[in-house]
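**Student:** Quick one: the structure is below, questions incoming.
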Amino acid sequence: MATQTSVTPNDTEGSAYGRPPATPNALLTQVGPGTPCGEFMRRYWQPVLASASVTTRPQEVRILGEDLIIFRDRKGRPGLLYPRCMHRGTSLFWGRVEDEGIRCCYHGWLFGVDGRCLEQPCEPEGGLQRDLARQPWYPVQERYGLVWAYMGPPNKRPVLPRWDVLEDLQPGEVYLANDKSWGTTRDGSMPITPYSWLHMNDNIMDPFHVQVLHTTFSNVQFVASFAVMPKVEFEYIDNGVIYKAYRKLDDGREVDRVSTYMLPNIMCVPNTQHEHGRGNSLAFVVPIDDSHCRIIGTRRTADPGNAYPPYLTNGKKWCDMTVEERQDFPNDFEAQAGQGPISLHSEEHLATSDKGIAMQRRMLTQQINLVAQGGDPLGVIFDEAKARVRVPSGNFYRDRV
Amino acid sequence: MATQTSVTPNDTEGSAYGRPPATPNALLTQVGPGTPCGEFMRRYWQPVLASASVTTRPQEVRILGEDLIIFRDRKGRPGLLYPRCMHRGTSLFWGRVEDEGIRCCYHGWLFGVDGRCLEQPCEPEGGLQRDLARQPWYPVQERYGLVWAYMGPPNKRPVLPRWDVLEDLQPGEVYLANDKSWGTTRDGSMPITPYSWLHMNDNIMDPFHVQVLHTTFSNVQFVASFAVMPKVEFEYIDNGVIYKAYRKLDDGREVDRVSTYMLPNIMCVPNTQHEHGRGNSLAFVVPIDDSHCRIIGTRRTADPGNAYPPYLTNGKKWCDMTVEERQDFPNDFEAQAGQGPISLHSEEHLATSDKGIAMQRRMLTQQINLVAQGGDPLGVIFDEAKARVRVPSGNFYRDRV
Amino acid sequence: MATQTSVTPNDTEGSAYGRPPATPNALLTQVGPGTPCGEFMRRYWQPVLASASVTTRPQEVRILGEDLIIFRDRKGRPGLLYPRCMHRGTSLFWGRVEDEGIRCCYHGWLFGVDGRCLEQPCEPEGGLQRDLARQPWYPVQERYGLVWAYMGPPNKRPVLPRWDVLEDLQPGEVYLANDKSWGTTRDGSMPITPYSWLHMNDNIMDPFHVQVLHTTFSNVQFVASFAVMPKVEFEYIDNGVIYKAYRKLDDGREVDRVSTYMLPNIMCVPNTQHEHGRGNSLAFVVPIDDSHCRIIGTRRTADPGNAYPPYLTNGKKWCDMTVEERQDFPNDFEAQAGQGPISLHSEEHLATSDKGIAMQRRMLTQQINLVAQGGDPLGVIFDEAKARVRVPSGNFYRDRV
């Protein structure tokens, strides 16, 4: 048998031998307490779960690298507490929710949603120093169908913005929240995605992958008109970046698709069926820890029954596909999980089409450094009267504008 | 939709933000070779398994952070050897037990229960220097239905104490040993518990959790009379700590429940049905490694068939319960596993009712430091004539004393 | 109950207490990029998979501590590329194989088997600087039914040797390759073995374990005549070590079994049924990473249908045996996995019968150090005219020589 060589014998260029070590962009991907990006993220209210997911049964949640317990007391108030009972450390996951809060199973200390200790049944007279005790807690509020937490410095607590795309509900409209990272597998089967928030965040200002990944590579995952390679312009807005993707469709119509990224991790993706109109939803790429995120979204709709239909590939939901089928028809999950738990940014070769990603990262870098230096980042609002935020997203057909 | 806030807007106290790093008490929880607590623990005989569990089939056991092989040779002698064959490192787990010891599968070296090398079949003349070879071993002995090992300095080997509650078996009485960590899940389904020995050890001198966890929180897990919050006195004894929990029952009877902790990890819990009489059992919280332990117990009984009935919650054994059912009816396992693999003691807030725990830990700290300084700890006995140890435990009804 | 002690009370020798820390031989077991053994291994062509295993479906392979993607383009050329797309880091595992190479799913960059970037569809004019881009790659070639890679310094690329036992195929003969680590479990069920390559490599020049492990301990796993303890001579050859194991069989016949180890990780084990004749196969102990290896072999045969019959123990394949059955009938897998993921060589006690292992390790150590000092190791050939290598293995019955 003759030797079969697949390569030019003397081609010694570009070998994988001796590659330098590769590293992630730590500034943008480390989100734990005390890290620059973690402190930056903590300056904004972050959604934790959909309101409907928060019940009288205690749940473990991880967010920004912190393990917490979320529950709703029997009077309806949501609470977000440090898990380890301040007394002897047993997790409040094993606690019992009562009218006024949650009671540790071990020695019965009762804590309100604000962490105040209300009972110490094994102590003399129910605990003479009970009022001094407080379980570590975070403030939470509910709006837009979501439970929001503020995990930053108490004296820097901002108001929750009023994004115009979610305000002024019309008769018949409701908010439909989703905390299952819908945008990755599109069947809700993997609520926490096993990779850095930055992978998904990078994806927001990346209109080109829609043409490849979602249209020409893996069949039409959204709509056929995305197969037209767009002309794209990126620009900064006050609190983020937008792109305008212009396409002239085969039927002669011209459409501008405007998509919005807002600090720190917010996207308003227009209707993915390419239908005319303004954006009607927001989604948040919430860091769970350095190597996991959860996409939490909410949208206004007058048709709540059909808001999140699972995407099917050859009739199958993602969770039912084999690895081989996922190789044949990859989607956002494969493209982003395929970058690893945390991508190795030092190896990247950003190109012309990555301009939006570069702009996002530049803005993030600036604002993270600003917070590290003691400043207040863009997009943080302290005055309720100034809470309204304009979001420019939409699909705008030129014959209808 | 109006904003719903669960907390007072300007309440900035007690936030979970900026918590300091929390740490375990390393002195009391690290048990590997060379650690202060590990060396302290090694000064006492420790039970490894029930005698009935040690057979001619080699088993892997971990104890005090060391992986070992336990077996019984075909003449009935238990052996506890370092697993890696001294010749080429193959685990004796794959060895064959013979009359005189265990033979490595790879090259056939045969070792006695005392580690002596008896055969080297591939060597000239069966191994001319065979007598110099010795597989690392620990001395073991059997008593009270248990196999005991001494893992400390050979010249400090004490005698095995003769605890009075286990001595002087009466006609018809036998020892019933249990090496399945019965006291945590109470169905034997998790023989090795996934948390530090100190969690369970702390539990010994904690009579108050019985009222909360075992009676008012999760239904009556032992007996209804435990719902009476006791008056408790703690006191040191020579080699440990005891508590006396006085209760006046609803029927007017008065009962003193005396429970005993002895160095280093020994408990004598009185009858948990609150029946009159002295203790008749001992249990040992044996550290497997820093984050695992195994509770090994033995009791004298004339009714061996019914010694360890599984505890049922709504008709279910623990191993059959869902997580939600365990949340609704937590038991010792949840309370202790809920402290994490190793609790973060720097965060604790010990209160009045934790006095016994504080006393135990103080005594442990003193004795661990004593050993580190070269001393012999309390409870270690070198003279068989002085081996008898009095154990004060029992439920004592005042009308019967 | 009287105390039963299994050991002499005052025997304090040889205790497992206070053992010193044990360590692997790092020089011989670390195989990642930049390590001395890793660089040494990279100077030789290494088999990656059987040719039949390399298809148009991308596969993840790990070799010498590097994660790579292997595939065959639709023109039949095998390719071995760094997995993370040089553009934005998505793994080419999710790529699509085309005529000319593999296309990343995210933004569609197309790479040839030599790493050249052929298309950048989202870039203006298809990528004006496309020719400068190159995905890190390794050269591969096919021969003897295997796909070979050269992962070393490009300017040190040798020729693939022509081992005489595999050359000059006779009419009717074919190569039968196996990449399932056949030699350990002998049923192909664990293609990647979970321990250091050195465990298996040590096994090559260890004729004595055949008598114990494979014959007298676990029944006859090869052939009954191996029960005769051989007289063994070891000797160096130019590029390795051989042994000659002389046996006088019960029927009076005399047989010399010659087995060959060649640098760096090559074995030619003669027919294991002890039949007369020269070796007709080679096997390579390919390091996957420090604690895993894959044995890849190929043999010439005129009977390809029956080349790798699974070995049965009491009628069962290894993968169907219980742990207890594996304890009763251990094989190479148990003996070698039983040394741990990486053996602790500092604890070994090599004896007379380990002479061959010592010779192999000495040669490896010398050659590894030679490469570290800039030299070319033994067994590396740069001139195709000198590529032929003589392999002395065989079973030679003296009445037939």
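Since every read-out is calculated from the coordinates, none of them should be taken as a lab result. From a predicted model like this one, the values you see are computed outputs, not experimental measurements. For neighbour counting, all protein chains shown are included, and Cβ atoms are generated from backbone atoms with ideal geometry for every residue, glycine included.
**Student:** In percent, how large is the relative contact order of the range C:1-133, given Cα pairs closer than 8 Å and 6 or more residues apart? Write out the running numbers ahead of the final one.
**Tutor:** Numbers: 192 pairs, mean separation 15.6, N = 133.
Answer for the range C:1-133 is 12 percent.
**Student:** Rg and Dmax of the range B:60-104 over Cα atoms: what are they, in angstrom?
**Tutor:** 10.3, 30
**Student:** Next up: Straight-line reach from residue C:248: which lysines fall under 26 Å, measuring Cα to Cα and dropping same-chain residues less than 8 apart?
**Tutor:** Partners within reach: C:231, C:355.
**Student:** So if R0 is 56 Å, what FRET efficiency would residue B:308 and residue C:365 give, r being the distance between their Cβ atoms, rounded to the nearest 0.05? Please list the in-between numbers first.
**Tutor:** Working: r = 57 Å, r/R0 = 1.01.
That gives a FRET efficiency of 0.50.
**Student:** How far apart, in nm, are two points set 7 Å out from the Cα along the Cα-to-Cβ line at residue C:219 and at residue B:325?
**Tutor:** Distance between the two pseudo-spin positions: 4.3 nm.
**Student:** Regarding chain C, what are the three Cα extents along the principal axes, ordered largest first, in Å?
**Tutor:** Rounded to whole Å, the extents work out to 87, 63, 48 Å.
**Student:** Per DSSP H run of at least 4 residues, take -39500 (n - 2.57); add these up for chain A, divide by its residues and hand me the 222 nm value, nearest 500 deg cm²/dmol. Provide the component values of the computation, followed by the final result.
**Tutor:** Values: 8 runs with 56 residues, N = 401.
Value at 222 nm, helices only, nearest 500: -3500 deg cm²/dmol.
**Student:** Let me check the size of the range B:190-292 from its C-alpha atoms; what are the radius of gyration and Dmax in Å?
**Tutor:** Considering the range B:190-292 through its Cα atoms, Rg and Dmax are 14.4, 46 Å.
**Student:** Follow-up question, since we're still on this one. So if I take the alpha carbon set of the range A:299-401, get Rg, then get Rh from the Kirkwood formula, what is the Rg over Rh ratio?
**Tutor:** Numbers: Rg = 20.3 Å, Rh = 19.1 Å.
Looking at the range A:299-401, the ratio lands at 1.06.
**Student:** So, one more: Which value, to two decimals, describes the C-alpha radius of gyration of the range C:326-378 once divided by 2.2 N^0.38 Å? Walk me through the numbers on the way to the answer.
**Tutor:** Values: Rg = 15.2 Å, N = 53, 2.2 N^0.38 = 9.9 Å.
Against the compact-globule rule of thumb, the ratio is 1.53.
**Student:** Still on this structure, please answer the following. When the convex hull of the Cα atoms of the range B:290-335 is projected onto a plane and the area is averaged over all directions, what value comes out in nm²? Don't skip to the answer; put the middle values down first.
**Tutor:** On the way: hull surface 19.1 nm².
In nm², the orientation-averaged hull projection of the range B:290-335 is 4.8.
**Student:** Another question, if that's okay. Work out the length of the dipole vector of the range A:254-381 about its Cα centre, built from +1 on the beta-carbon of each Lys and Arg and -1 on the beta-carbon of each Asp and Glu, and round it to the nearest 20 debye.
**Tutor:** 460 debye
**Student:** Give the Debye-formula value of log10 I(q)/I(0) at each listed q (0.16, 0.18, 0.19 Å⁻¹), with one equal scatterer per alpha carbon of the range C:32-77, two decimals each.
**Tutor:** The Cα Debye sum returns log10 ratios of -0.52, -0.62, -0.67.
**Student:** Out of the GluC sites (Glu not before Pro) in the range A:272-376, which ones are loop residues according to DSSP with at most 12 other C-beta atoms within 10 Å?
**Tutor:** Taking the range A:272-376 and a limit of 12 other Cβ atoms within 10 Å, the loop GluC sites (Glu not before Pro) found are A:275.
**Student:** What's the long-distance tail for the range A:252-361, i.e. % of Cα pairs beyond 20 Å? List each step's numbers first, then the result.
**Tutor:** On the way: 3572 of 5995 pairs.
Tail fraction, whole percent: 60.
**Student:** So, one more: From largest to smallest, what semi-axes in whole angstrom does the range A:148-188 give when each is the square root of 5 times an eigenvalue of its alpha carbon gyration tensor? Don't skip to the answer; put the middle values down first.
**Tutor:** Working: eigenvalues 130, 81, 12 Å².
Working from the Cα gyration tensor, I get semi-axes of 26, 20, 8 Å.
**Student:** Taking a spot 7 Å from the Cα of residue B:12 along the direction of its beta carbon, which residues of the range A:364-396 have an amide N less than 17 Å from it?
**Tutor:** A:374-377, A:381-384
**Student:** Here's another thing I want to ask about it. What are the nm distances, shortest first, from residue B:324 to its equivalents in the other copies, labels at 7 Å along Cα→Cβ?
**Tutor:** Label-point separations across copies, in nm and ascending: 3.8, 3.8.
**Student:** Would you please give the FRET efficiency between residue A:174 and residue A:227, computed as 1/(1 + (r/R0)^6) with r the Cβ-Cβ distance and R0 = 45 Å, to the nearest 0.05?
**Tutor:** Details: r = 34 Å, r/R0 = 0.75.
In this case the efficiency is close to 0.85.
**Student:** Quick check: pseudo-label points 7 Å beyond the Cα along Cα→Cβ at residue A:383 and residue B:316, how many nm apart are they?
**Tutor:** 5.6 nm
**Student:** So how much slack lies between residue B:397 and residue B:372, counting 0.36 nm per residue of separation and subtracting their Cα-Cα distance, in nm? Provide the component values of the computation, followed by the final result.
**Tutor:** Values: separation 25, 0.36 × 25 = 9.00 nm, distance 4.27 nm.
Value of the extension gain: 4.7 nm.
**Student:** Per the Kirkwood definition applied to all pairs of different Cα atoms, how many angstroms is the hydrodynamic radius of the range B:52-144?
**Tutor:** Numbers: mean 1/r = 0.0763 Å⁻¹.
Taking every pair of different Cα atoms in the range B:52-144, averaging 1/r and inverting gives 13.1 Å.
**Student:** Charges at C-beta only: +1 for Lys and Arg, -1 for Asp and Glu. How large is the resulting dipole of the range A:111-185 about its Cα centre, in Debye rounded to 20? Walk me through the intermediate numbers first.
**Tutor:** Working: 8 positive and 11 negative charges, 60 e Å.
The dipole of the range A:111-185 has a size of about 280 debye.
**Student:** Treating only the Cβ of Lys, Arg, Asp and Glu as charged (+1, +1, -1, -1), what charge dipole size does the protein assembly as shown show about its Cα centre? Round to the nearest 20 debye. Before the final figure, lay out each step's value.
**Tutor:** Details: 129 positive and 144 negative charges, 24 e Å.
Dipole magnitude for the protein assembly as shown comes out near 120 debye.
**Student:** Along its three principal axes, how long is the range B:102-243 when you only count alpha carbons? Whole Å, largest extent first please.
**Tutor:** So the three principal-axis extents are 75, 35, 33 Å.
**Student:** Let me ask something else about it. Pulled fully out, how much extra length does the chain show between residue A:246 and residue A:273, if you take 0.36 nm times their separation in residues and subtract their Cα-Cα distance? Mind showing how you got there, number by number?
**Tutor:** On the way: separation 27, 0.36 × 27 = 9.72 nm, distance 1.53 nm.
Between residue A:246 and residue A:273, full extension yields an extra 8.2 nm.
**Student:** To the nearest 10 degrees, how steep is helix A:355-372 against the longest Cα principal axis of chain A, on a 0 to 90 scale?
**Tutor:** 30 degrees
**Student:** Considering only the label points, 7 Å along Cα→Cβ from Cα, what distances in nm to one decimal separate residue B:250 from the same position in each other copy, shortest first?
**Tutor:** The projected label point of residue B:250 is separated from its counterparts by 8.1, 8.1 nm.
**Student:** Now, a different point. Calculate the all-directions average of the projected area of the range C:122-182's alpha-carbon convex hull, and give it in nm². Please report the intermediate quantities before stating the final value.
**Tutor:** Details: hull surface 33.4 nm².
Quarter of the Cα hull surface area: 8.3 nm².
**Student:** For the range C:2-160, just the Cα set please: Rg and Dmax, both in angstrom.
**Tutor:** My reading of the Cα-based Rg and Dmax gives 24.0, 92 Å.
**Student:** Any idea what log10 I(q)/I(0) is at q = 0.14, 0.29, 0.32 Å⁻¹ for the range C:190-234, Debye with uniform C-alpha scatterers and no solvent?
**Tutor:** Cα-only, vacuum Debye calculation for the range C:190-234: -0.41, -1.00, -1.06.
**Student:** If I take every Cα pair under 8 Å that is 6 or more residues apart in chain C, average their sequence separation and divide by the length, what percent do I get for the relative contact order?
**Tutor:** Here the relative contact order equals 21 percent.
**Student:** If you don't mind, there's one more thing I want to ask. How many nanometers, to one decimal and shortest first, lie between the label point of residue B:388 and those of its other copies, if labels sit 7 Å from Cα toward Cβ?
**Tutor:** 9.1, 9.1
**Student:** Pairs of alpha-carbon atoms within less than 8 angstrom and 6+ residues apart define the contacts here; what relative contact order does the range B:61-212 have, in percent? Present the calculation step by step, with values, prior to reporting the outcome.
**Tutor:** Values: 205 pairs, mean separation 19.0, N = 152.
Reported relative contact order: 13 percent.
**Student:** As a test of the definition: which semi-axes, in Å, follow for the protein assembly as shown when you take the square root of five times each eigenvalue of its alpha carbon gyration tensor? Largest first, please. Before the final figure, lay out the partial values.
**Tutor:** On the way: eigenvalues 576, 574, 101 Å².
For the protein assembly as shown, the ellipsoid semi-axes come out as 54, 54, 22 Å.
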